[in-house]
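So the structure is just underneath, and the comments pick up after that.
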Amino acid sequence: MLIRTTGLLLNDEKRATAGITLFSPLFSRETYLIGMQGDIRHVWQHPLIPGNYAYLLENGNLLWSGKTAEGPQPGGGKGGLIREYDWNGDVIWEHCDEAQHHDFRRLRNGNTMYLGWEPLSDKAAARVAGAEPGSEKDGVIWGDFLKEVDSEGKTVWEWHIEEHFPFEDFPLNPLSTRAEFAHANSLQELPDGNILLSFRKISTVAIVDRNSGEVIWHHRDEKWGQQHDAQMLDNGNILLFANGIHVPSGVFGSEIVEFDPETRERVWVYRGSPFYSFFSPHISGTSRLWSGNTLICEGITGRIFEVTPSGEIVWEYFNPRFAQGMEGMSNSVFRAYRYKADSPQIAGRLGTP
């Protein structure tokens, strides 16, 4: 998509969900809060480009990850440095793990959990099926791990895909490579303490039991086309950004999918009209707003927009900040979030618009 206009394109004040939107341009060193008119309300400065994104904690602090130079990078999404900033931009906590990638979450107990990469053992690698033969990264297949660290940076819980995942049941897509299995790109702590994970390279979401480490539920759908940002909603359904690449139909287009994890049936879908007009083959995210509308980050084009349950676009914004990316100038955004002006994250901090 050729981006000709940036900034605010649409704000239907009667139907859009009023609030403050947060995003971190993928190749810039800032995190922005903007108002409904696209006006900048607050900015955090960082020493690195993001290890994908940032979000606000309930105390109003910003939790952010930055991409460090060292460490493994078998695929996109590398981070390495996790920081918590206060409203003034002062660092009040940080943790460095060069293997960290994609996601990181502050848990209810105050600890921080994050995704990381590690090489699979030869025994585990031999169990990985599918993808292009010989496409390992320097002869290695990388796998995912989870670590939970306390405020002192001490690891208090960890999970390794090698120890718990039925590799044979989840062959990699024939159009993929064997550089990694299975490229986790989001994590969420569920109300019962278990962990919801999204695995891009196998188009699968899964729940890991916090006590045993076992995968107690999973669902694979090749029609998702290597999804991002899986999350369980308050109604118990799962919402995700279905990227729509390497799909069986061969017709490229992204979707936002909400499905019932018990019946596996789709209960709500957003698609572009025409279908191909909404497509981000990688990155991207979505969230259900308190109004019932859905906020969507079409990551590759830096497009953040809001749709009603009937799929009508009521707010639309293109990130106007371009920086040098991997393939030229880019305004890409990994995820975006919206907060109520009177939420714990925002209330009393921005003053009068």
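Confirm whether GLY285 is surrounded by fewer than 18 Cβ atoms within 10 Å (Cβ to Cβ), of a type outside the set (Asp, Glu) and either under 23 Å from LEU187 (Cα atoms) or touching a Gly at 6+ places or on another chain (Cβ under 8 Å) (or both). So GLY285 does not fit the description; no. Among the residues of segment 1-30, those that are aliphatic (A, V, I, L, M), surrounded by 13 or more Cβ atoms within 10 Å (Cβ to Cβ) and at pLDDT 95 or above comprise LEU8, LEU9, ALA16, ALA18, ILE20, LEU22, LEU26. GLU306 falls short on exactly one of the conditions (1) assigned to a strand (DSSP E or B); (2) more than 26 Å from ALA18 (Cβ to Cβ); (3) in contact with a strand residue (DSSP E or B) (Cβ under 7 Å, 6 or more places away or on another chain), and that condition is (2).
Remark: pairs (first residue in segment 174-201, more than 17 Å from GLY76 (Cβ to Cβ); second residue among the basic types (Lys, Arg) and not in a loop (DSSP other than H, G, I, E, B); Cβ separation under 8 Å; 6+ apart in sequence or on different chains) = GLN188/ARG105; GLU189/ARG105.
Test ALA323 against the stated conditions and say whether it is surrounded by 15 or more Cβ atoms within 10 Å (Cβ to Cβ) and among the aliphatic types (A, V, I, L, M). Yes, satisfied. Checked against the criterion of being touching a residue at least 40 places away in the same chain (Cβ under 8 Å), among the polar types (S, T, N, Q), part of a strand (DSSP E or B) and out of contact with any His (no Cβ under 9 Å at 6 or more places or on another chain), segment 325-334 has at least one qualifying residue. Within segment 258-303, the set of residues being part of a loop (DSSP other than H, G, I, E, B), β-branched (Val, Ile, Thr) and either more than 20 Å from the chain's Cα centre (by Cα) or within 19 Å of THR17 (Cα to Cα) (or both) comprises just one member, THR263.
Filter segment 335-352 for residues that are in a strand (DSSP E or B) and not small (Gly, Ala, Ser); which is nearest to GLY77 (Cα to Cα)? Looking at the filtered set, the residue picked out is ARG335. Checking every residue in segment 118-125 against the condition of being out of contact with any His (no Cβ under 6 Å at 6 or more places or on another chain), over 22 Å from GLN188 (Cβ atoms) and in a loop (DSSP other than H, G, I, E, B) gives at least one match.
The values are calculated or read from the model by the stated rules, or taken from the named source; none is laboratory data. As the structure is a prediction and not an experimental result, all values here were calculated from the model. Virtual Cβ from ideal backbone geometry, glycine too; neighbours counted across all protein chains shown.
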